[in-house]
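Asker: I'd like to ask some things about the structure below.
The values are calculated or read from the model by the stated rules, or taken from the named source; none is laboratory data. Note that this is a predicted model, so its numbers are computed, not measured. All Cβ positions, glycine included, derive from the backbone under ideal geometry; neighbour counts span all protein chains shown.
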Amino acid sequence: MAVPLPARPQSPEGFYAINNQFQTNGPKGFSELKILANGDMFVRMDLPGVPDDGGMSVYHNRSEESVVVYAKAPKVHTHDSTERRYLTSTGIGCSCCAISSMTTHMSDGVFRLTLSKTRIDPNRSSCIVLGCSGFREDLRGTDPNGILLYNSLVLSKQLPNGKLFVRADMPGVPKENFTVSVTNGRVKVTGEAPALSHDSSGRFYSGDVAMLSTPVDIPSRRIKTIAKDGVIRLLIPPF
């Protein structure tokens, strides 16, 4: 029988803060912001489970010169407890400029946004651009069927047939970059997220998600996996 491993408690910084238990290198935090050489602002936001071709809305709030992002990660598997929804905002913090254009790209559970600005106050000799991260909301449903264990990064559910369902978020990892192994009874998932666009670097994830009742090595093909949109789901049978 497979059982989930204890999850690391969420830190005070919130969802995808510095305590990502799987990430071993690369920039941590659910977002990364930088000012480019041409003055544009680049923002990376982790939205695991949100599909590349839909499920999100991007709105330019001209009154506050901010960009509001709303995204929805649908239920992909029967044992997903519910869909997930995200809401966050970012923008320029100076009063002398306005957002002139933006480019967006969504892939593998990561949203990338580049904002360009134009000067609206010619009397200002200098301009400071600040990124303003708003808030993020993750709606967590409950499931009356089975035991539901949930934290920011991992969803584990013991099923009536003895199988263990595990969902792990590793945003930025393409489906072909996930690997699963079972060694000495420990089920381990790794994933490599390449650097895209203006990311400061790639990210690498690695960690145990479950433990078998006996310390054996099992071929990974015996575990059903679904990797999609920066999320990997596993159905681990009762070995």
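Asker: Given the residues P171, P215, which is the only one that is surrounded by fewer than 13 Cβ atoms within 10 Å (Cβ to Cβ) and either modelled with pLDDT of 90 or more or farther than 30 Å from E64 by Cα (or both)?
Answerer: Values: P171 fails: surrounded by fewer than 13 Cβ atoms within 10 Å (Cβ to Cβ).
Sole residue among the options that is surrounded by fewer than 13 Cβ atoms within 10 Å (Cβ to Cβ) and either modelled with pLDDT of 90 or more or farther than 30 Å from E64 by Cα (or both): P215.
Asker: Tally the residues that are in contact with a Phe, Trp or Tyr (Cβ under 7 Å, 6 or more places away or on another chain) and either closer than 13 Å to K224 by Cβ or among the basic types (K, R) (or both), restricting the search to segment 153-193.
Answerer: Looking only at that region, the number is 2.
Asker: Something else: Test of understanding: among A210, A227, A193, which residue is surrounded by 14 or more Cβ atoms within 10 Å (Cβ to Cβ), of a type in the set (A, V, I, L, M), more than 30 Å from D40 (Cα to Cα) and at pLDDT 95 or above?
Answerer: Working: A210 fails: at pLDDT 95 or above; A193 fails: more than 30 Å from D40 (Cα to Cα).
Going through A210, A227, A193 in turn, the sole match is A227.
Asker: Could you please let me know if K28 is of a type in the set (D, E, K, R) and part of a loop (DSSP other than H, G, I, E, B)? Give the steps one after another, and end with the answer.
Answerer: Details: of a type in the set (D, E, K, R): yes; part of a loop (DSSP other than H, G, I, E, B): yes.
Against the criterion (of a type in the set (D, E, K, R) and part of a loop (DSSP other than H, G, I, E, B)), K28 qualifies.
Asker: Still on this structure, please answer the following. Kindly provide the set of residues from segment 68-86 that are touching a residue at least 12 places away in the same chain (Cβ under 8 Å) and either farther than 10 Å from S57 by Cα or touching a helix residue (DSSP H, G or I) at 6+ places or on another chain (Cβ under 6 Å) (or both), ordered by number. Lay out the reasoning, then the answer.
Answerer: Of all residues in segment 68-86, those touching a residue at least 12 places away in the same chain (Cβ under 8 Å) come to 68-74, 76-77, 79-86.
Once the filter is applied, which keeps residues that are touching a residue at least 12 places away in the same chain (Cβ under 8 Å) and either farther than 10 Å from S57 by Cα or touching a helix residue (DSSP H, G or I) at 6+ places or on another chain (Cβ under 6 Å) (or both), segment 68-86 yields A73, P74, V76, H77, H79, D80, S81, T82, E83, R84, R85, Y86.
Asker: Output the residue which, of all residues in segment 31-46 that are outside any strand (DSSP E or B) and among the small types (G, A, S), is surrounded by the fewest Cβ atoms within 10 Å (Cβ to Cβ). Can you show your working first?
Answerer: At the first step, the residues of segment 31-46 found to be outside any strand (DSSP E or B) are 36-40.
Okay, now just the ones that are also among the small types (G, A, S), so 37, 39.
On the way: A37: 5, G39: 13.
The extreme case among them is A37.
Asker: Inside segment 181-190, can you point out the residues that are part of a strand (DSSP E or B) and surrounded by fewer than 21 Cβ atoms within 10 Å (Cβ to Cβ)?
Answerer: Within segment 181-190, the first condition is being part of a strand (DSSP E or B), and the residues that meet it are 181-183, 186-190.
Within segment 181-190, S181, T183, R186, K188, T190 meet the criteria.
Asker: Give me the pairs, please: first residue somewhere in segment 92-116 and in contact (Cβ under 8 Å) with a residue 40 or more places away in the chain and farther than 18 Å from G49 by Cα, second residue anywhere and assigned to a loop (DSSP other than H, G, I, E, B) and of a type outside the set (D, E, K, R), beta-carbon distance under 6 Å, and either six or more positions apart or on two chains.
Answerer: I92/V129
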